[in-house]
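Reviewing the structure listed below.
Values quoted throughout were computed directly from the atomic coordinates according to the rules given, and no laboratory measurement underlies them. Because the structure is predicted, anything quoted here is derived from the model rather than measured. A quick note on method: Cβ atoms are made from the backbone with ideal geometry, for glycine too, and the neighbour counts reach across all protein chains shown.
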Amino acid sequence: MSPMYNRAMVSVHCIYASTSGHTEYVVDQCCDMVRQAHHDVKTRRAEQAQPEDLLKGDALILASGTWNTGGAEGQLNPHMHAFLRERAKDIDLKGKQVAVIGLGDDRYHFTCRAADHLEEFVRTHHGILIEPTLRIINEPYGQEKIIKDWAKTFLTTSSRLRSN
Ligand SMILES: Cc1cc2nc3c(=O)[nH]c(=O)nc-3n(C[C@H](O)[C@H](O)[C@H](O)COP(=O)(O)O)c2cc1C
């Protein structure tokens, strides 16, 4: 059997919200790396996600930009807000392995708070954060090395968890 097939395959489910495309760009970069490592990846936009999607796969990635949802700055993207705070508010993540990606802009006082909201959601719904959150401040274009380094750590961590 080739070394490729000896490695435990990890299935990754990624749910994200993106309005101007920045979060989607970061998610695409990460997921491309995961696919290149021969793992299975599925992505779903928050507006189409159902609560049970949070439980699919060996590992979950949640990703959102920061918005002024409801008027106040420093909130989740409106689609992620509607998903996590309304439709999926009662989900039990049951020890699910989760990694978080947050985006923001340093022209706002509450920079990249979406990352904090996502982390809090994971903790309060009994998920396990498996690596430090990826925080992309300002446009992601030109920040590919940071994104890829984070994806490499994610791959290592999620593969190790899968084989345990
Ligand atoms: C209406 C609006 C409100 C925003 N509010 C914040 C904010 O409070 N804090 C922050 O860090 N960034 C804020 N941003 C910046 C976005 O989070 C940032 O541009 C992000 O990269 C957008 O990701 P997306 O294109 O995937 O939606 C805001 C952007 C817009 C358009």
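Which residues, counting only those in segment 138-157, are surrounded by fewer than 13 Cβ atoms within 10 Å (Cβ to Cβ) and of a type in the set (S, T, N, Q)?
Scanning segment 138-157 gives a single hit, Thr156.
Quick check on Ile130: is it crowded, with 16+ Cβ neighbours inside 10 Å, β-branched (Val, Ile, Thr) and within 16 Å of the ligand (Cβ to nearest atom)?
Here the answer is no, as Ile130 does not meet what is asked.
Residue under question is Ala46, and the condition is that it be of a type in the set (Gly, Ala, Ser) and over 27 Å from Asp149 (Cβ atoms); does it hold?
Working: of a type in the set (Gly, Ala, Ser): yes; over 27 Å from Asp149 (Cβ atoms): no.
The answer is no for Ala46.
Specify which of the listed residues (Arg160, Arg135) is surrounded by fewer than 21 Cβ atoms within 10 Å (Cβ to Cβ) and in a strand (DSSP E or B). So that I can check it myself, show each step before the final result.
Working: Arg160 fails: in a strand (DSSP E or B).
Just one listed residue meets the conditions, Arg135.
Here's a check for you: in segment 136-160, which residue that is within 11 Å of the ligand (Cβ to nearest atom) and either of a type in the set (A, V, I, L, M) or in contact with a Phe, Trp or Tyr (Cβ under 6 Å, 6 or more places away or on another chain) (or both) is farthest from Val26 (Cα to Cα)? It would help to see each step written out before you state the result.
The initial filter retains those residues of segment 136-160 that are within 11 Å of the ligand (Cβ to nearest atom), namely 136-141, 143.
Restricting the remaining residues to those that are either of a type in the set (A, V, I, L, M) or in contact with a Phe, Trp or Tyr (Cβ under 6 Å, 6 or more places away or on another chain) (or both) gives 136-137, 140.
Values: Ile136: 9, Ile137: 12, Pro140: 7 Å.
Across segment 136-160, the extreme among qualifying residues is Ile137.
Please enumerate the residues belonging to segment 71-91 that are more than 16 Å from the ligand (Cβ to nearest atom), over 22 Å from Val10 (Cβ atoms) and assigned to a loop (DSSP other than H, G, I, E, B).
Listed by number, the residues that qualify are Ala88, Lys89, Asp90.
What number of residues in segment 10-42 are outside any strand (DSSP E or B), farther than 23 Å from Cys112 by Cα and out of contact with any Asp or Glu (no Cβ under 8 Å at 6 or more places or on another chain)? Give the steps one after another, and end with the answer.
Residues of segment 10-42 outside any strand (DSSP E or B): 10, 18-39.
Adding the requirement that they be farther than 23 Å from Cys112 by Cα leaves 10, 32-39.
Adding the requirement that they be out of contact with any Asp or Glu (no Cβ under 8 Å at 6 or more places or on another chain) leaves 32-39.
Counting residues in segment 10-42 that are outside any strand (DSSP E or B), farther than 23 Å from Cys112 by Cα and out of contact with any Asp or Glu (no Cβ under 8 Å at 6 or more places or on another chain) gives 8.
Has segment 113-127 got at least one residue that is in a loop (DSSP other than H, G, I, E, B), more than 16 Å from the ligand (Cβ to nearest atom) and under 15 Å from the mean Cα position of the chain (by Cα)? Explain how you work it out, then say what you get.
Here is the first cut: in segment 113-127, the ones in a loop (DSSP other than H, G, I, E, B) are 125-127.
In the following step, the residues that additionally are more than 16 Å from the ligand (Cβ to nearest atom) were identified as 125-127.
Then drop every residue that is not under 15 Å from the mean Cα position of the chain (by Cα), which leaves 127.
Scanning segment 113-127 turns up at least one residue that is in a loop (DSSP other than H, G, I, E, B), more than 16 Å from the ligand (Cβ to nearest atom) and under 15 Å from the mean Cα position of the chain (by Cα).
Identify all residues within segment 43-61 that are touching an Asp or Glu at 6+ places or on another chain (Cβ under 9 Å) and buried (at least 22 other Cβ atoms within 10 Å of the Cβ); write none if there are none.
Answer for segment 43-61, where residues must be touching an Asp or Glu at 6+ places or on another chain (Cβ under 9 Å) and buried (at least 22 other Cβ atoms within 10 Å of the Cβ): just Leu60.
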